[in-house]
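Right, one structure below, let's go through it.
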Amino acid sequence: MKTIDSYTAALPPRHRRSSVTFTSDRWRTTSEGVIIAFVALLTSGLLFSLFLLLLGKNPMQFFALIWQGGFGSSFSLQNSLQRAAPLILTGLAFAIPAKIGMTMIGAEGALVLGGFSSAAVAIPLVSTHQPVVPTMMIMALTGILTGALWTGFAGWLKYKRGVNETISTLLLTYIAIAIMNFFVEGLLRDPASKNKASTMPIGQDYMVGLMPGMDVHWGLVVGVVFAVALHVLMTRTTFGFAVRISGGNVRAALAQGLPVGKLILTCSAIAGMCAGLAGYFEVAAIQGQANASLAARYGFTGILVSFLARHNALAVIPVAIMFGAISAAGGLIQRRMDMPDATALVLQGIIFVVLLASETVYGRFAMFQPKLETAR
């Protein structure tokens, strides 16, 4: 198999770029993303501080409580990691299609439908006391397949019919929630669920356990493994290279004979797989059944996670933990500062707007631009 170096060696000297130059350019691009993202976060913090001052609240106390509620103790840290588990997967669900130039915001729908299908397929298996491990595997595969088909359908509409993927995935999200509510409040409703319409509980034996010595379920580990695997896929394989080429210039990719349609469908399916798996863990590790709590906005927060991570699968992990900490601190902020729990959503909204605005400054600083080698 030919490597990039073998292709480079075949080029005329004036077209070659040394590995040192290539590495330097990569660091310049990475540094630009990190610095701009950090400045965007700092700007968001300042704007939110002004918002708190207008309400007569102390910004320093707010951010201190976020640190205390997110990382201040072993309990807080584990709570943040628990909340970060679905955010890693939903962040990946946005990041992978973004590599090919698609803005797919349907992770929430794929998560809800993936979680619901996992709970639905478990009902006959749990009722007949089927073996635990095969049942859990069937539940997980059902969630993954459902998510892949749901989001893959949006990718098919994009390629075959030219339907805008942002609009289609948003509409599919509301359809997915409606489908879940239709069955949960009707045919599959557990008669014992009085306060909130839910499916039959899957039972403690079929729940995903916690990691040894921690109050965090194994979904976090699975999310990290997926992030690492997808990073390798997108940066170290010909598939990832083809995706990046197609995302940069579709016409150039088609001219080179790349199967753009298959790449779009594959990226869409991968996104749905991640979101569907997140839905499975919400059912099998947190809720124990499918109900309206599945629509917890993890899919929409994952969009923000991906943007701040610059759609880098590895960077999604720490960013998801940060937003998990913000979410975990919501209750503490509500008690100590007498503010609604939704205050954290205001902060997330400001971060998102500032991040979108920061997109306009990429490529405008000479210090981050690749250095061109002169011909010899």
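The values are calculated or read from the model by the stated rules, or taken from the named source; none is laboratory data. These numbers were taken from a predicted model, which means no experiment stands behind them. We place every Cβ from the backbone using ideal geometry, glycine too, and count neighbours over all the protein chains shown.
Of the conditions (1) without any contact (Cβ under 8 Å) to a residue 60 or more places away in the chain; (2) under 16 Å from LEU89 (Cβ atoms); (3) in contact with a Ser or Thr (Cβ under 6 Å, 6 or more places away or on another chain), LEU141 clears all except one; give me its number.
Looking at each condition in turn, LEU141 falls short on (3).
Does segment 279-300 contain at least one residue that is part of a helix (DSSP H, G or I), in contact (Cβ under 8 Å) with a residue 40 or more places away in the chain, farther than 15 Å from ALA344 by Cα and charged (D, E, K, R)?
Yes, segment 279-300 contains at least one residue that is part of a helix (DSSP H, G or I), in contact (Cβ under 8 Å) with a residue 40 or more places away in the chain, farther than 15 Å from ALA344 by Cα and charged (D, E, K, R).
Looking at the structure I just gave you, is LEU141 more than 16 Å from ALA278 (Cα to Cα), part of a helix (DSSP H, G or I) and at pLDDT 95 or above?
In short, no.
Restricting to segment 52-71, name every residue that is hydrophobic (A, V, I, L, M, F, W, C) and crowded, with 16+ Cβ neighbours inside 10 Å.
The answer is LEU52, PHE62, PHE63, LEU65, ILE66, PHE71.
For segment 116-138, which positions are part of a loop (DSSP other than H, G, I, E, B) and within 12 Å of ILE202 (Cα to Cα)?
THR128, HIS129, GLN130
Among all residue pairs at least 6 apart or on different chains, which show Cβ distances below 6 Å where the first residue, located in segment 257-278, is within 24 Å of ALA290 (Cα to Cα) and the second is polar (S, T, N, Q)?
The qualifying pairs are ALA271/THR151; GLY272/THR151; ALA275/THR90; GLY276/THR146; ALA278/THR90.
Given the criterion more than 22 Å from LEU347 (Cβ to Cβ) and of a type in the set (A, V, I, L, M), identify the matching residue among VAL39, VAL121, VAL34.
VAL121
Kindly indicate whether LEU233 is modelled with pLDDT of 95 or more, surrounded by fewer than 20 Cβ atoms within 10 Å (Cβ to Cβ), touching a His at 6+ places or on another chain (Cβ under 9 Å) and within 30 Å of VAL34 (Cα to Cα).
In short, no.
Is at least one residue of segment 103-115 in contact with a Phe, Trp or Tyr (Cβ under 6 Å, 6 or more places away or on another chain), within 17 Å of TYR206 (Cα to Cα) and either surrounded by fewer than 24 Cβ atoms within 10 Å (Cβ to Cβ) or among the charged types (D, E, K, R) (or both)?
So far as segment 103-115 goes, no, none of its residues is in contact with a Phe, Trp or Tyr (Cβ under 6 Å, 6 or more places away or on another chain), within 17 Å of TYR206 (Cα to Cα) and either surrounded by fewer than 24 Cβ atoms within 10 Å (Cβ to Cβ) or among the charged types (D, E, K, R) (or both).
Please verify whether ALA148 is out of contact with any Lys or Arg (no Cβ under 9 Å at 6 or more places or on another chain), under 17 Å from LEU89 (Cα atoms), surrounded by 23 or more Cβ atoms within 10 Å (Cβ to Cβ) and not polar (S, T, N, Q), treating the condition exactly as stated.
Here the answer is yes, as ALA148 does meet what is asked.
Which one is surrounded by the most Cβ atoms within 10 Å (Cβ to Cβ) among residues in segment 163-210 that are in a helix (DSSP H, G or I) and polar (S, T, N, Q)?
THR169
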